[in-house]
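Input: a single structure, listed below in structure tokens.
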Amino acid sequence: MRIGFLGLGTMGFPLANNLRRAGHAVTVWNRTAAKADPLVKKGARLARSPRECATGQDLVFTCVTDEQALETLLEGPDGVLAGLKAGDVLVDTSTAGVKAARTVAERCQARGAQFVAAPLLGSKAAAEKAQLVVVMGGPAAARERAHPAVAAISARCVEMESAPQAALMKLVVNAVGGAMIAGFGEALALGASGGIDLARIIEVLQASSFHSPIYLIKGEQILAGDYEPRFAIALAEKDQRLAQEAAAEQGAKMPVNAAVRRLFADAVESGRGGKDLCAVAELLLERAGTRKA
Ligand code: NA7
């Protein structure tokens, strides 16, 4: 297929690369054009504008920070929407929330195009190995068209009947993940402030029925002081914000999520926004006076 791909960050780059490796003819665009260089060297075409990247493609993918970034990419005379014609399919893999999924779907519809929200479960390593889980929602025909491309970037595709439902499912999963990491960091600080070794806490937690692979993966990173971003705190904060917004609109109460969001916002304010999500543990350990950054 001819695929336009916009947004070559931590997640977008490996996605576009895997689509290219699967044999699709990939045209790329990124705000910071230099990030496209390695893909262009491998045969991807570089578009001069979002509009050009979206024009004449079988599928157009986007993978950007949040709903504002998506808006910037889509709108205006040089935006993606201006490049879409009737029958085209736009697939957004960003976590941009429920409201954006609804409004972008409407805007695509107004042009006769179709919108698929396809947020990603998994971080950088899973993206590189094409082992992501993709939650895909939108009109059946558009999902059908997107299938072969989604298969090239993922190990599993979960189908939802609409784009807002897919966006909501992603927020549900990340609300659980956010609470797990926040609780883990806080419990590490509790144990460490009472003199228990972090490695022992992780070992005993893994022996309990509350064990999870994420505690092992993030625990190893915390022990090594390795906060290289696999999933940045600023993005995790955004996901909790989007969950809060969806909850407010739907009438759901999320007091735990509100506290998690506040903690992640504190981590961003402390200068850790670009660090990996597990650096919230670094903040909590520091606050408990048990470990220096
Ligand atoms: P990154 O690595 O922070 O990459 C973000 C991408 O979004 C990157 O290509 C940015 O371009 C692009 N971006 C950000 N703001 C804009 C605006 N205003 N206009 C155009 N492009 C923009 O994030 P990830 O790849 O880890 O995550 C992407 C999504 O997947 C996110 O929703 C996660 O929650 C899940 P740049 O290179 O900075 O010029």
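The values are calculated or read from the model by the stated rules, or taken from the named source; none is laboratory data. Computed from a prediction, not measured in an experiment: that's the story for all the values here. Backbone-built Cβ (ideal geometry, glycine too); neighbour counts: all protein chains shown. To get the accessible areas, we keep the full protein, side chains included, count just its heavy atoms, and leave off ligands, DNA and RNA. Shrake-Rupley method; radii C 1.70, N 1.55, O 1.52, S 1.80 Å.
Between 239, 88, 266, find the one with the highest GNM mean-square fluctuation for the chain; connect C-alpha pairs within less than 10 Å. Ranking 239, 88, 266 by mean-square fluctuation puts 266 first. Checked against a 21 Å cut-off, the cross-linked pairs 238/275; 99/275; 129/218 give Cα-Cα distances beyond that limit for 99/275.
Here is how the number arises for the chain: DSSP H runs of 4 or more residues each give -39500 (n - 2.57), the sum is divided by the residue count, and the result at 222 nm is -16500 deg cm²/dmol. Averaging Cα coordinates gives a centre for region 165-221 and one for region 77-109; these two points are 35 Å apart.
For region 185-293, trypsin sites (Lys or Arg not before Pro) meeting the loop criterion (DSSP other than H, G, I, E, B) and having at most 11 other Cβ atoms within 10 Å: 253, 292. Accessible surface area normalised per residue over the chain is 46 Å², counting heavy atoms of protein chains with a 1.4 Å rolling probe. Among the trypsin sites (Lys or Arg not before Pro) in region 21-114, those located in a DSSP loop and surrounded by at most 13 other Cβ atoms within 10 Å of their own Cβ are 42, 48, 85.
When peptides 163-173, 178-188, 276-286 are ranked by their average number of other Cβ atoms within 10 Å per residue, the highest-first order is 276-286, 163-173, 178-188. As a size descriptor, the averaged projected area of the C-alpha convex hull of the chain was calculated at 15.4 nm².
Given H placed 1.01 Å from N in the peptide plane, which residues other than close sequence neighbours of residue 113 have an amide H under 5 Å from its amide H? Hits under the 5 Å cutoff: 87. Determine the sum of side-chain charges near residue 102: Lys and Arg each +1, Asp and Glu each -1, restricted to other residues whose C-beta is under 15 angstrom from that of residue 102. Result for the neighbourhood of residue 102: -4. Counting only protein heavy atoms and using a 1.4 Å probe, what share of the accessible area of the chain belongs to carbon plus sulfur, as a whole percent? Taking all protein chains in place, the chain shows 56 percent carbon and sulfur surface.
Roughly what % antiparallel, to the nearest 5, for the DSSP beta bridges in region 2-161? Here the share of antiparallel DSSP bridges comes out near 10 percent. How large is log10 I(q)/I(0) at q = 0.13, 0.21 Å⁻¹ when the Debye formula is applied to the Cα atoms of region 143-273, each weighted equally and without solvent? Summing over Cα pairs of region 143-273 leads to -0.69, -1.28. Label positions at residue 99 and residue 40, each projected 7 Å from the Cα along the C-beta direction, are separated by 3.7 nm.
Once backbone amide H atoms are built at 1.01 Å from N, residue 61 has 4, 5, 6, 91 as its partners under 5 Å, excluding neighbours fewer than 5 places away on the same chain. Dividing the radius of gyration of the alpha carbons in region 2-161 by their Kirkwood radius gives 0.92 for Rg/Rh.
Here each label is just a point 7 Å from Cα along the line to Cβ, and for residue 249 and residue 31 those points are 2.2 nm apart. Fully extending the segment from residue 265 to residue 217 would add 15.0 nm, taking 0.36 nm per residue of separation and subtracting the current Cα-Cα distance. Each label point was placed 7 Å from the Cα along the Cα-to-Cβ direction; for residue 176 and residue 208 their separation is 1.9 nm.
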